[in-house]
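Remarks on the structure that follows.
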C-alpha cells in the first residue's frame, strides 16, 4: 500500500535550501511542494501530513483530510491563528540546532550590552577615544522570560559566561541552580533584572506583554546605566511604540530586537532611529531545513507505527 503524501508549504527566504533538503527525505512517499507552479491547482485530498510556515489561506479547504500538522519553526502562533485549522495534532519543531543558534544570539547580545559594543561602535564612527566603566558579567542579573527548551539552554550558557540568571514562566518551575518565579512573582522578578530576555511563545496572555508598564518595573539602578531588553521570542509580545518611548525617556538603556510586530519592519518604524537599539531581521535561530525534515520524517514514522507524537501543541495554552 503506498504511503500517504506529505504536503510542503514553507515560505522560507532561501528557497534553494528547501528544494535541496527535500531531495534527501520522504523518499518512499510523494512530496507535494506548493511552491511549485504545477501544484497550484492540484487535488490535495489524499495528503495526510503538512509541513507549514506561513501557508496559503485556503490550504485546509484544499487538503481536508490531514492527520498531522508540523510547524516549520519553533513558533506556532501563526498556524494556530489560521482559518479552518483542523482538529488534528500540531507538532512544534524542537531541534538542538535551533536551540543552539538561539542561545548564541542571546549570549552575543548580552555580552554586547555588557561590554558597551554599540557605544564604542558609535565612538569609532565619530573618532572619539573615551573609556567607560566596565562591569563584569557577575555584576549583572539576567532575567529570562520563557523556560522552555530555548530559555533553559540560553540560561545555562549565560551562567557559563558568569552572569547571574533568574527565570520566569507563567506556572512555577523548579530548576536546579536557578531562582525561578511564576505569574504571582512577576514584579519581584522584574525588580531584580538588569537584562530582560524574552523567549516567550505568543499567546493571548503574552500578546503586548513587553510594554512601558512592565519596563518601568525593571531594576533601574543596575551596572549598565539602566535596564536592557532583548527579545528573540515573538514580535507580537512587544509594544514597539512603548519601546521607543522607554528608550527616549531612559526607562530602558538599550534593546536588542530580532522579532517585530510586523515583519519585515517598516522603513517608517521609529525603531530604526533609536540610537541604543540593535535590530536584526529575525535571524536569531533560522530553521535548519534538513533538521526540520528529519524531525518530520521521524514523527511520521512514530505516528504510523502507533506511537505517540512528540512536541505536540496544547491548543489551550498556545504552545
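What follows is calculated from the coordinates using simple rules that are stated; it is not laboratory data. All values reported here derive from a predicted model rather than from experimental measurement. Cβ atoms come from the backbone with ideal geometry, glycine included; neighbour counts cover every protein chain shown.
Helix-only arithmetic for the chain: the sum of -39500 (n - 2.57) across DSSP H runs with n ≥ 4, divided by the residue total, places the mean residue ellipticity at 222 nm at -8000 deg cm²/dmol. Mean separation of Cα pairs under 8 Å and 6 or more residues apart, divided by the residue count, gives the chain a relative contact order of 16 percent. Over the C-alpha trace of the range 96-279, radius of gyration and Dmax come out as 15.6, 49 angstrom. Most tightly packed first, judged by the mean number of other beta-carbon atoms within 10 Å of their residues, the peptides 2-12, 278-288 read 2-12, 278-288. Using a Förster radius of 41 Å, what is the FRET efficiency between residue 182 and residue 132 based on their Cβ-Cβ separation? Nearest 0.05, please. The pair residue 182/residue 132 has a calculated efficiency of 0.65. Note on residue 159 and residue 308: their simple-model spin labels are 2.7 nm apart, each label 7 Å out from Cα toward Cβ. Restricting attention to the range 122-242, close to 5% of DSSP beta bridges with both partner residues there are antiparallel.
Using r as the Cβ-Cβ distance of residue 272 and residue 40, and R0 as 45 Å, what FRET efficiency do you calculate, to the nearest 0.05? The formula returns an efficiency of 0.75 here. Relative to the longest principal axis of the Cα atoms of the chain, the long axis of helix 96-114 lies at roughly 20 degrees.
When each of the peptides 246-259, 39-52, 114-127 is scored by the mean number of other C-beta atoms lying within 10 Å of its residues, the order from highest to lowest reads 246-259, 39-52, 114-127. Taking a quarter of the surface of the Cα convex hull of the range 203-312 gives a mean projected area of 9.4 nm². Our compactness index for the range 32-190, the C-alpha radius of gyration over the empirical 2.2 N^0.38 Å, is 1.47.
How far is helix 149-160 tilted, in degrees, relative to the longest principal axis of the Cα atoms in the chain, given as a value from 0 to 90 rounded to the nearest 10? For helix 149-160, the angle is close to 40 degrees.
In the range 1-92, Cα pairs under 8 Å separated by at least six residues give a relative contact order of 29 percent. Taking every alpha-carbon pair under 8 Å whose residues sit at least 6 apart, the range 174-319 reaches a relative contact order of 20 percent. Ordering of 138-150, 200-212 by packing is 138-150, 200-212, highest average first (other Cβ atoms within 10 Å, averaged per residue).
How high is the FRET efficiency from residue 317 to residue 286, r the C-beta distance, R0 22 Å, rounded to 0.05?
Values: r = 26 Å, r/R0 = 1.16.
Efficiency, from the Cβ-Cβ distance: 0.30.
If you take every DSSP beta bridge whose two residues both sit in the chain, what share of them, in percent to the nearest 5, is antiparallel? The antiparallel proportion sits near 5 percent. Relative to the dominant Cα principal axis of the chain, helix 289-304 is inclined by about 50°.
Across the alpha-carbon set of the chain, the Rg to Rh ratio works out to 1.01, Rh being the Kirkwood radius.
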